[in-house]
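These notes concern the structure reproduced below.
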Amino acid sequence: MRNVLITCVAVLGLAGAAMGMTRPLELGSTINATKPYGSGSLTWLVFTAYDATLWTDAPQWSMNAPFALTLRYRMSFTSDELVERTVEEMAKVSPATPKDALTRYGAALKRAFPTVKDGDRITALHVPGQGTRFFHNGTPTADITDAGFADPFFGIWLAPKTSEPKLRAALLRLR
């Protein structure tokens, strides 16, 4: 019986790691949570693009408390593909964002998003009043301090107008 229990714990641990639930080191002392607030995957037909994990110490997720969103990629994407799709989604979720702001955000995201391959992760760590710091596999890539950036960027996954409501529900524990 003990061996069966140990095997089950090991398998569950591996499944959690595969879903990106291992606490990213880049959270540092900003976020102390040992378990994610919520998690889910972005899947098209039978292909999973990435697993997403939301981290916060807040009892209820809010843009007014530090949080991080980690995407663990299950496919490869070029930097240009990531930036283009991100800016498109920002414009959809926040149509009032001026075009010149989206252009600036795209240039900043180009620094934040390297080309990724299966298994890579990008973490966006947001601290209200300080901006958003990006990491690729734990290494800092960019800081975006523009006050207007966070709402449309994180809105891609967390806003009611997201194009992926099931993923939003999983991240925000709405189901």
Out of Ser94, Ser39, sole residue that is out of contact with any strand residue (DSSP E or B) (no Cβ under 8 Å at 6 or more places or on another chain), closer than 18 Å to Leu172 by Cβ, among the small types (Gly, Ala, Ser) and at pLDDT 95 or above: Ser94
For region 105-142, what are the residues that are of a type in the set (Lys, Arg) and outside any helix (DSSP H, G or I)? Lys117, Arg121, Arg133
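Here is a yes/no grid of residues against (1) at pLDDT 95 or above; (2) of a type in the set (Lys, Arg); (3) more than 15 Å from the chain's Cα centre (by Cα):
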{"site": "Glu89", "(1), (2), (3)": "yes, no, no"}
{"site": "Ala101", "(1), (2), (3)": "yes, no, yes"}
{"site": "Tyr105", "(1), (2), (3)": "yes, no, yes"}
{"site": "Asp118", "(1), (2), (3)": "yes, no, yes"}
{"site": "Arg121", "(1), (2), (3)": "yes, yes, no"}
{"site": "Thr132", "(1), (2), (3)": "yes, no, no"}
{"site": "His136", "(1), (2), (3)": "yes, no, no"}
{"site": "Ala147", "(1), (2), (3)": "no, no, yes"}
Residues that are within 26 Å of Ala33 (Cα to Cα) and either within 14 Å of the chain's Cα centre (by Cα) or buried (at least 20 other Cβ atoms within 10 Å of the Cβ) (or both), drawn from region 64-87: Pro66, Phe67, Ala68, Leu69, Thr70, Leu71, Arg72, Tyr73, Arg74
Hits in region 99-108 - residues which are in contact (Cβ under 8 Å) with a residue 40 or more places away in the chain and either among the hydroxyl-bearing types (Ser, Thr, Tyr) or within 20 Å of Thr139 (Cα to Cα) (or both): Tyr105, Ala108
Just checking, how many residues over region 131-173 are in contact with a Leu (Cβ under 9 Å, 6 or more places away or on another chain) and of a type in the set (Ser, Thr, Tyr)? 1
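The values are calculated or read from the model by the stated rules, or taken from the named source; none is laboratory data. Bear in mind the structure is a predicted one, so any value in this text is a computation, not a measurement. Cβ atoms come from the backbone with ideal geometry, glycine included; neighbour counts cover every protein chain shown.
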